[in-house]
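Student: Encoded as structure tokens, here's the structure I'll be asking about.
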Amino acid sequence: MTPEWRGTAPAYAPLAIGAARGVDLNPLSPIKDGLRLLSYIWADQRARLERMQAALALAETCPPQVDRADAGDWLVTRLNEASPNGRLVYHTVAAQYFPAATRDKIESALLAAGAKASFDRPLAHLSMEADGGDGAALALRLWAGGMMREWRLGRADFHARWIDWQPKEI
């Protein structure tokens, strides 16, 4: 992805990913359902089509693990599992579609796991969600050692055309 970047980009830092999982009530396979996923993009949106094609090609070499479940129940289970590392929970343009009970479970699970997060096993929650403004709001919460810090990171276009990076701790 190569969005138009507005604001000062954060310093580069390598990120090691130990494992990645996702959840959906009705997950689609990028391998089996690739054409279906492409069909959801309007044909005149060439940049979006190219990004989706690149994502589908990546999924062939590194297939994502997406479980079939309610996001709230799933996250409670995942965060109660032992982990040798820190964790990142992220979602993009999803929360608005969850029932209130699911949103409540997610928030409770994050707060409970955050209270137990240590400096060597922190918990981060990164979100990109609609809030009525231009594009989506980018936000980050980080728990470690019994403390939580929170940032508003800026805004992003829903389809990755631009990022307006304006990080501010709140």
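Student: Answer yes or no: is there a residue in region 119-131 that is closer than 30 Å to E50 by Cβ and in contact (Cβ under 8 Å) with a residue 60 or more places away in the chain.
Tutor: Checked region 119-131: no residue is closer than 30 Å to E50 by Cβ and in contact (Cβ under 8 Å) with a residue 60 or more places away in the chain.
Student: Moving on to the next point. How many residues, within region 28-80, are under 24 Å from R121 (Cβ atoms) and charged (D, E, K, R)?
Tutor: Result for region 28-80: 3.
Student: Mind checking which residues of region 79-91 are part of a loop (DSSP other than H, G, I, E, B) and surrounded by 16 or more Cβ atoms within 10 Å (Cβ to Cβ)?
Tutor: Across region 79-91, the qualifying residue is only G86.
Student: Looking at the structure I just gave you, is D70 of a type in the set (D, E), buried (at least 16 other Cβ atoms within 10 Å of the Cβ) and touching a helix residue (DSSP H, G or I) at 6+ places or on another chain (Cβ under 7 Å)? Quick ask: steps written out before the conclusion?
Tutor: Details: of a type in the set (D, E): yes; buried (at least 16 other Cβ atoms within 10 Å of the Cβ): yes; touching a helix residue (DSSP H, G or I) at 6+ places or on another chain (Cβ under 7 Å): yes.
So D70 passes the test.
Student: Check off (1) more than 14 Å from the chain's Cα centre (by Cα); (2) of a type outside the set (A, V, I, L, M); (3) within 30 Å of Q45 (Cβ to Cβ); (4) part of a strand (DSSP E or B) for R103 and give me the number that stays unchecked.
Tutor: Only one criterion is unmet by R103, namely (4).
Student: Scan region 30-49 and give yes if some residue there is open to solvent by less than 60 Å² (accessible area, probe 1.4 Å), part of a loop (DSSP other than H, G, I, E, B) and touching a helix residue (DSSP H, G or I) at 6+ places or on another chain (Cβ under 6 Å), otherwise no.
Tutor: Scanning region 30-49 turns up at least one residue that is open to solvent by less than 60 Å² (accessible area, probe 1.4 Å), part of a loop (DSSP other than H, G, I, E, B) and touching a helix residue (DSSP H, G or I) at 6+ places or on another chain (Cβ under 6 Å).
Student: Which pairs do you get when a residue that is among the β-branched types (V, I, T), found in region 63-89, comes within reach of a residue that is in a loop (DSSP other than H, G, I, E, B), reach meaning Cβ atoms under 6 angstrom, with the pair 6+ apart or on two chains?
Tutor: Final answer for the pair search is V66/P27.
Student: Any idea how many residues of region 61-80 are at pLDDT below 95 and either among the polar types (S, T, N, Q) or out of contact with any strand residue (DSSP E or B) (no Cβ under 9 Å at 6 or more places or on another chain) (or both)?
Tutor: Residues flagged as at pLDDT below 95 and either among the polar types (S, T, N, Q) or out of contact with any strand residue (DSSP E or B) (no Cβ under 9 Å at 6 or more places or on another chain) (or both) within region 61-80 amount to 4.
Student: Please pick out the residue among A59, A113, A94 that is among the hydrophobic types (A, V, I, L, M, F, W, C), in contact with an Asp or Glu (Cβ under 9 Å, 6 or more places away or on another chain), open to solvent by less than 50 Å² (accessible area, probe 1.4 Å) and in contact (Cβ under 8 Å) with a residue 24 or more places away in the chain.
Tutor: The conditions single out A94.
Student: Right, next: Assess whether Q65 counts as being exposed (fewer than 12 other Cβ atoms within 10 Å of the Cβ) and in contact with a Lys or Arg (Cβ under 6 Å, 6 or more places away or on another chain). Please lay out each step first, then the result.
Tutor: On the way: exposed (fewer than 12 other Cβ atoms within 10 Å of the Cβ): yes; in contact with a Lys or Arg (Cβ under 6 Å, 6 or more places away or on another chain): yes.
Against the criterion (exposed (fewer than 12 other Cβ atoms within 10 Å of the Cβ) and in contact with a Lys or Arg (Cβ under 6 Å, 6 or more places away or on another chain)), Q65 qualifies.
The values are calculated or read from the model by the stated rules, or taken from the named source; none is laboratory data. From a predicted model like this one, the values you see are computed outputs, not experimental measurements. When we count neighbours, we look across all protein chains shown, and the Cβ atoms used for this are built from the backbone with ideal geometry, even at glycine. Protein only, heavy atoms only, side chains kept; ligands, DNA and RNA dropped before computing areas. Shrake-Rupley method; radii C 1.70, N 1.55, O 1.52, S 1.80 Å.
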